Amino acid sequence: MLKIISLNLNGIRSATRKGLFRWLEKQDADIICTQELKAQAPDMTREMLQPGNLFGYFHYAEKKGYSGVGIYSKKQPDAIIEGLGIPDIDAEGRYIEAQFGNLSVVSVYLPSGSSGEERQAVKFSFLERFYPHLQKLRNSGREAIICGDWNIAHQAIDLKNWKGNQKNSGFLPEERAWMTQVLNDGWMDTYRSLYPDATDACYTWWSNRGQAWAKNVGWRIDYQIATCGIAATVKKAEIYKSERFSDHAPLIVDYDFNS
């Protein structure tokens, strides 16, 4: 069995203060993918770098207190790939891949376009250039699981107020169509494979504005997207909400797979 957790931390230092690593120790996960570290190497404590018996690997953004992704694993990977080899994307610390035998596990943090037209243009550019990489990964002959904050709610059932968000970043028709294309091209949404009709229970992110968390006015924007072979082995998927480490909830998926 392979247990993988994905979580946007909204700052690793903040999540640490909220008990993230105490919780992770109890989970006994094989791999943890994190996004939005909001930290650089000098900010990382020993606990953040190598908690318990886990190995830690990170791709930091150049800008201080911004973006960044990481992977923790029980088993030392055969290889680590930092970045996509695209300078402007890699400067924002958005991609890290760990290879274990015939399996690649990726932590990815897609840009948000919610701050305005300029960042939305950056997001569309990312989607255009990320897609060929997804194709290459799918065609590599390896199994792959891409965990992370995709900043896209794919379907109307993936967010509470879908009617009022059709012109907002994260639920734009072009973004949703891109996600559909990914899922029609040899990738599977592991959570949806088990729970095709889940609505309120499926949300992974809640705005800090108003009472979004209290009223469960959420979005499902965190995914574990997998190649079909390993996706077929999914046994369990859970969104953990009993404790809060950030404005996102951890997505936990169990695969009946040995790398």
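A short reminder: the numbers here are calculations on the coordinates, not readings from a lab. Not measured: the values here are computed from a predicted model. We place every Cβ from the backbone using ideal geometry, glycine too, and count neighbours over all the protein chains shown.
Taking S14 as the residue in question, decide whether it is of a type in the set (G, A, S) and closer than 13 Å to Y72 by Cβ. Taking the combined requirement at face value, the residue does not satisfy it. Checking each residue in region 1-29 for being crowded, with 20+ Cβ neighbours inside 10 Å, closer than 15 Å to E238 by Cβ and out of contact with any Pro (no Cβ under 8 Å at 6 or more places or on another chain) picks out L2, I4, A29.
Taking region 64-94 on its own, how many of its residues are in contact with a helix residue (DSSP H, G or I) (Cβ under 7 Å, 6 or more places away or on another chain) and free of Cβ contacts under 8 Å to residues at least 40 places away in the same chain? Don't jump to the end; show me each part of the working.
Going through region 64-94, the residues in contact with a helix residue (DSSP H, G or I) (Cβ under 7 Å, 6 or more places away or on another chain) turn out to be 83-84, 86, 89.
Keeping just the survivors that are free of Cβ contacts under 8 Å to residues at least 40 places away in the same chain gives 83.
So the answer is 1.
The set of residues in region 226-255 that are hydroxyl-bearing (S, T, Y) and closer than 18 Å to I12 by Cβ comprises Y240, S246. Of all residues in region 131-152, those satisfying the criterion of being touching a helix residue (DSSP H, G or I) at 6+ places or on another chain (Cβ under 8 Å) and among the aliphatic types (A, V, I, L, M) are L134, A144, I145, I146, I152. Among residues of region 146-173 that are outside any loop (DSSP other than H, G, I, E, B), those with a Cβ under 6 angstrom from a residue that is aromatic (F, W, Y) and crowded, with 22+ Cβ neighbours inside 10 Å, sequence gap 6+ or separate chain, pair up as G148/Y109; D149/Y109; L159/W219; N165/F171.
Scanning region 121-141 for residues that are surrounded by 17 or more Cβ atoms within 10 Å (Cβ to Cβ) and basic (K, R), we see that the one that is nearest to V234 (Cα to Cα) is R138. Within region 118-145, being in contact with a Ser or Thr (Cβ under 7 Å, 6 or more places away or on another chain), assigned to a helix (DSSP H, G or I) and among the hydrophobic types (A, V, I, L, M, F, W, C) holds for one residue alone: L137. Applying the set (1) out of contact with any Ser or Thr (no Cβ under 6 Å at 6 or more places or on another chain); (2) more than 27 Å from C202 (Cα to Cα) to Q155 leaves exactly one unmet item: (2). From the list Q224, Q181, the one residue that fits, being in a strand (DSSP E or B) and in contact (Cβ under 8 Å) with a residue 12 or more places away in the chain, is Q224. Scoring K64 on the criteria (1) in contact with a Phe, Trp or Tyr (Cβ under 9 Å, 6 or more places away or on another chain); (2) assigned to a loop (DSSP other than H, G, I, E, B) leaves a single failure, condition (1). For the structure I just gave you, tell me whether G93 is assigned to a loop (DSSP other than H, G, I, E, B), under 18 Å from S6 (Cβ atoms), touching a strand residue (DSSP E or B) at 6+ places or on another chain (Cβ under 7 Å) and of a type in the set (G, A, S). For G93, the condition - assigned to a loop (DSSP other than H, G, I, E, B), under 18 Å from S6 (Cβ atoms), touching a strand residue (DSSP E or B) at 6+ places or on another chain (Cβ under 7 Å) and of a type in the set (G, A, S) - is met. For region 184-194, filtered to residues that are in contact (Cβ under 8 Å) with a residue 24 or more places away in the chain and in a loop (DSSP other than H, G, I, E, B), the residue that is surrounded by the most Cβ atoms within 10 Å (Cβ to Cβ) is G186.
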